[in-house]
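Notes follow the structure.
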């Protein structure tokens, strides 16, 4: 497991969703299917370089079967490129996991992170929500902490890399059992301000902060989120924080907050651009496309701001009758978290708005909006290649990987219209047309500006984005995290000695 | 006008709602009626001490008639205590005022200040909202700035006291015409974090900050809101801010942010406690009340969190069958801003929740909830006198005057249950039972704790609150503001000389 070389090290990666999920093929044999999500893609690179044990939740029946067969022990797994790693799947009690995932992590924490709660009405910490917290989120985090602690007993020199908002409590629980462990946490979502954390009762918001502050390093995708974290540590955890070096000093110790925007596996996208399935989808898009194509690719998550995006396109069409028949929007939406009522309602709203738009403007031979609700990754990459304008108008977004993936493979020097509230805006804003996500009129104006931009300017902007992403790819992200961990642990060792 | 004495000074008070509104009595004669709202009450004290010119919007037809007769000049008015002041009413263009008040100030800015927007859906800056901003809020602020500038030409030594979220743009407009003027602004609402200001497109949130930073002093009710203001000035206006002295340095100059929680006219409440109308209302409440009475007094504003408060009382009743028949809630709600759909919907929700609660628990001789939706100030004061528990569970609240008014006149050493998100919590939290506004279970537990608190502890806590409010009454608030203005202007003079 792992490769040789001076930089190889032992890592324990901890995330709710693992790199593979197990299923059965047509012949009834067990197969490992590559898991979805940008995080898993990003972390997969670590497996090539280091001796990785991955701790994750067992998601489906076959995952649970694997976990049961191994009685909680890790299994040896082989990644797509032939490198090996250990995978430890945690089979949680089903009701606890449902509360953990479908009530607390989503929507409660996700909505807090993205400012999505309509606070006059929701959330309410009634008996059920408190139970979901105590018997769901706390219980699952304890289960994770137990497994990580056991792995650390076997390999005390391993560094632990926790990921995302599912696992805020685990680090402090691990720290209690392994005071000298090297712990880090990466937060992939926006870090909201203290007032938003006040949506959670004091014991909960304090536990979240104390959990994170048990790490040596906490990472964010943007300086904006790091700055917010330093402030909430002061407001909520009574810590002192230094904006210059990002060090938070709390009763339990010191934590360094770092900025390391996640990125794309450039090589993978170079290959995908020529993948036969992508080429087939692209041929279909190319055959049907109008002269100008606006593309959006998102999960159907309220944070993605799809309804206002449709409103902006509708306003653009209203103001630009000369473009009727010449411009179209292709919206590829991956249906997301449909077990959660807020998500099902949001998808229904999207579909209503889409029907209204087409009902208003469609004419023989031209349908302005092509809305497709399905999970079709080759089609998404094909759309990336074909856009003239890429619309990313998220309400809030930790990073937004689409804004990095799509320009890499786009073949038309398409223009990026980018929400100021995405983490990616800190990196790419200079070459994008910036929009405020609530400003539908401004988004319509941005579409007009993008669709009439001279080709030379399109080329210059698109080229700059491509060069930036190629120079800051996923390998740099993973190694940057490990380097930050070395700095933090070095500082801790120094302090202990002095 | 004004009284003699060393401390009397010329003041220009600027607020959307003036100290009186004009109407006609039964005989058809013009009468000035005392305006509502805590701000007007608080500022009325200034009239006794200083030479005040008050600039406010003409609200009704008779106000507009007065403004028209004077062709924009001020009228001499006599306050209830015989002191005189000048009143200048601004008759805005009706459509502009409607957009200013009913679209921008409420709900747009009010909801931003109190985190009430359901951001997945609203607000949207469509064409109408942009027009409301430009032709409503901007236009009305320009009209105010013009009037204040004219008053300053006549009295350049006067200090200007702007008030609240209706008038964020006026100070910068005045500063342009009167660079040496002494300007201050008091913000009576919570100051939200930068991310909440990002609900407003960049030109708008920047204009709000630049408007406020044209003042020498900006005041808040709580340290929490001041700290938030210092942060947003850095994030949004590119200023540098010092948390120690509250000085914000921006390209346009220096502004000092101060904390001065508004308070109550103690003398007025001492009198009200024996007012005949109050005594009559109190007799009615006393005759009907059960052994234990929980009281809430609020406008029907979503920020007041009335529905969750009913949920908490319902949960309390569910968990305490032994108290059925012995405890009741009296909710006195002043219907608020019913021209605004969000407010009308919220009142309907309150009424549904109230019916559900009584439907579930009412029995012969005992109705657990008495919900009264009307504006009846003597009845509110009577309820203040009668509560065993006062519930103030606001989602967010700049101060919350009820939490100060009611304990002053309460005759039963009642217990204050107070939201941690009110400005008043910084002053009174130590003697209240603190609740998180989203924690319905926690609020039910707080009601249980309050209703079973030993009398000695009730007495100690209630006495401490009373003493605090008496020691920090409204006179101290007004004079504190003027003293802060002197400090800031002194500092500015020093800087100009040096």
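The values are calculated or read from the model by the stated rules, or taken from the named source; none is laboratory data. Please read these numbers as outputs of a predicted model, since none were measured by experiment. All Cβ positions, glycine included, derive from the backbone under ideal geometry; neighbour counts span all protein chains shown.
Which of the following residues is surrounded by fewer than 21 Cβ atoms within 10 Å (Cβ to Cβ) and either in contact with a helix residue (DSSP H, G or I) (Cβ under 6 Å, 6 or more places away or on another chain) or over 27 Å from residue B:470 (Cα atoms) (or both): B:295, B:276, B:259, B:248?
Working: B:295 fails: surrounded by fewer than 21 Cβ atoms within 10 Å (Cβ to Cβ); B:276 fails: either in contact with a helix residue (DSSP H, G or I) (Cβ under 6 Å, 6 or more places away or on another chain) or over 27 Å from residue B:470 (Cα atoms) (or both); B:248 fails: surrounded by fewer than 21 Cβ atoms within 10 Å (Cβ to Cβ).
When all the criteria are applied, what remains is B:259.
Tell me the helices (runs of 4 or more DSSP H) entirely within the stretch A:259-324 that contain at least 1 residues that are within 14 Å of chain B (Cβ to nearest Cβ), closer than 18 Å to residue A:417 by Cβ and over 22 Å from the mean Cα position of the chain (by Cα). Quick ask: steps written out before the conclusion?
Numbers: elements: A:266-272, A:276-288, A:306-319.
Output list reads A:306-319.
Quick check: is even one residue across the stretch B:186-194 crowded, with 21+ Cβ neighbours inside 10 Å, in a helix (DSSP H, G or I) and at pLDDT 95 or above? Before you say what the answer is, go through the steps one by one.
The initial filter retains those residues of the stretch B:186-194 that are crowded, with 21+ Cβ neighbours inside 10 Å, namely B:186-193.
When the remaining residues are screened for being in a helix (DSSP H, G or I), the result is none.
So far as the stretch B:186-194 goes, no, none of its residues is crowded, with 21+ Cβ neighbours inside 10 Å, in a helix (DSSP H, G or I) and at pLDDT 95 or above.
On the given criteria, is residue B:354 in the same structural domain as residue B:449 (by TED's automatic domain parsing), surrounded by fewer than 16 Cβ atoms within 10 Å (Cβ to Cβ) and at pLDDT 95 or above? Reasoning before the result, please.
Working: in the same structural domain as residue B:449 (by TED's automatic domain parsing): yes; surrounded by fewer than 16 Cβ atoms within 10 Å (Cβ to Cβ): no; at pLDDT 95 or above: yes.
No; evaluated as a whole, the condition is false for this residue.
Among the residues of the stretch A:217-236, write down those that are in contact with a strand residue (DSSP E or B) (Cβ under 6 Å, 6 or more places away or on another chain) and either part of a helix (DSSP H, G or I) or at positive phi (or both). Write out each step before concluding.
As a first pass, look at the stretch A:217-236 and keep what is in contact with a strand residue (DSSP E or B) (Cβ under 6 Å, 6 or more places away or on another chain): A:217-220, A:223, A:226, A:229-230, A:233-234.
Passing the criteria: A:223, A:226, A:229, A:230, A:233, A:234.
Tell me, please, whether a residue that is modelled with pLDDT of 95 or more, in a helix (DSSP H, G or I) and touching a strand residue (DSSP E or B) at 6+ places or on another chain (Cβ under 6 Å) can be found in the stretch A:209-216. Let's see the steps before the verdict.
As a first pass, look at the stretch A:209-216 and keep what is modelled with pLDDT of 95 or more: A:209-216.
After this cut, where a residue has to be in a helix (DSSP H, G or I) as well, the list is A:209-212.
Those still in the list that are touching a strand residue (DSSP E or B) at 6+ places or on another chain (Cβ under 6 Å) too: A:212.
There is at least one residue in the stretch A:209-216 that is modelled with pLDDT of 95 or more, in a helix (DSSP H, G or I) and touching a strand residue (DSSP E or B) at 6+ places or on another chain (Cβ under 6 Å).
Among the residues of the stretch B:206-228, which ones are more than 14 Å from chain A (Cβ to nearest Cβ) and out of contact with any helix residue (DSSP H, G or I) (no Cβ under 9 Å at 6 or more places or on another chain)?
None; the set is empty.
Residues being within 14 Å of chain B (Cβ to nearest Cβ), out of contact with any strand residue (DSSP E or B) (no Cβ under 8 Å at 6 or more places or on another chain) and assigned to a loop (DSSP other than H, G, I, E, B): count how many of those fall in the stretch A:399-441.
2
Determine which single condition residue A:394 fails, assuming it passes every other condition in (1) touching a strand residue (DSSP E or B) at 6+ places or on another chain (Cβ under 7 Å); (2) more than 13 Å from chain B (Cβ to nearest Cβ); (3) part of a loop (DSSP other than H, G, I, E, B).
Against the list (1) touching a strand residue (DSSP E or B) at 6+ places or on another chain (Cβ under 7 Å); (2) more than 13 Å from chain B (Cβ to nearest Cβ); (3) part of a loop (DSSP other than H, G, I, E, B), residue A:394 comes up short only on (2).
Restricted to the stretch B:37-83, and to residues that are under 28 Å from residue B:261 (Cα atoms) and without any contact (Cβ under 8 Å) to a residue 24 or more places away in the chain, which residue is nearest to the chain's Cα centre (by Cα)?
The residue in question is B:37.
Which residue, of B:143, B:176, is touching a strand residue (DSSP E or B) at 6+ places or on another chain (Cβ under 8 Å) and either within 30 Å of residue A:436 (Cα to Cα) or assigned to a helix (DSSP H, G or I) (or both)? Step through it out loud before you land on a result.
Values: B:176 fails: touching a strand residue (DSSP E or B) at 6+ places or on another chain (Cβ under 8 Å).
On inspection, the qualifying residue turns out to be B:143.
I need a count of the residues in the stretch B:433-478 that are in contact with a helix residue (DSSP H, G or I) (Cβ under 7 Å, 6 or more places away or on another chain) and farther than 18 Å from residue B:315 by Cα.
13
Please list, ordered by residue number, the helices (runs of 4 or more DSSP H) wholly in the stretch B:20-134 having 1 or more residues that are away from chain A (no Cβ under 14 Å). Break it down stepwise before answering.
Working: elements: B:38-49, B:61-69, B:94-98, B:110-113, B:127-132.
Once the helices (runs of 4 or more DSSP H) in the stretch B:20-134 are filtered for at least 1 residues that are away from chain A (no Cβ under 14 Å), what remains is B:38-49, B:61-69, B:94-98.
On the basis of being part of a loop (DSSP other than H, G, I, E, B) and more than 9 Å from chain B (Cβ to nearest Cβ), does residue A:160 make the cut?
Judged against the criteria, residue A:160 is not a match.
Take residue B:173 and decide whether it is buried (at least 22 other Cβ atoms within 10 Å of the Cβ) and either more than 14 Å from chain A (Cβ to nearest Cβ) or under 27 Å from residue A:310 (Cα atoms) (or both).
On the way: buried (at least 22 other Cβ atoms within 10 Å of the Cβ): no; either more than 14 Å from chain A (Cβ to nearest Cβ) or under 27 Å from residue A:310 (Cα atoms) (or both): yes.
In short, no.
Specify the residue that is modelled with the highest pLDDT; the eligible residues are those in the stretch A:8-26 that are more than 11 Å from residue A:46 (Cα to Cα) and out of contact with any helix residue (DSSP H, G or I) (no Cβ under 7 Å at 6 or more places or on another chain).
Initially, the stretch A:8-26 is screened for residues more than 11 Å from residue A:46 (Cα to Cα), giving A:14-26.
From what's left, out of contact with any helix residue (DSSP H, G or I) (no Cβ under 7 Å at 6 or more places or on another chain): A:16, A:18, A:20, A:25-26.
Details: A:16: 96, A:18: 92, A:20: 90, A:25: 92, A:26: 91.
Step by step, filter the stretch A:8-26, then rank; the result is A:16.
Which is crowded, with 19+ Cβ neighbours inside 10 Å, in contact (Cβ under 8 Å) with a residue 24 or more places away in the chain and either under 20 Å from residue B:193 (Cα atoms) or outside the structural domain of residue A:423 (by TED's automatic domain parsing) (or both), of A:205, A:254, A:227? Walk me through how you get there before you give the answer.
Numbers: A:254 fails: crowded, with 19+ Cβ neighbours inside 10 Å; A:227 fails: in contact (Cβ under 8 Å) with a residue 24 or more places away in the chain.
Every option except A:205 fails the conditions.
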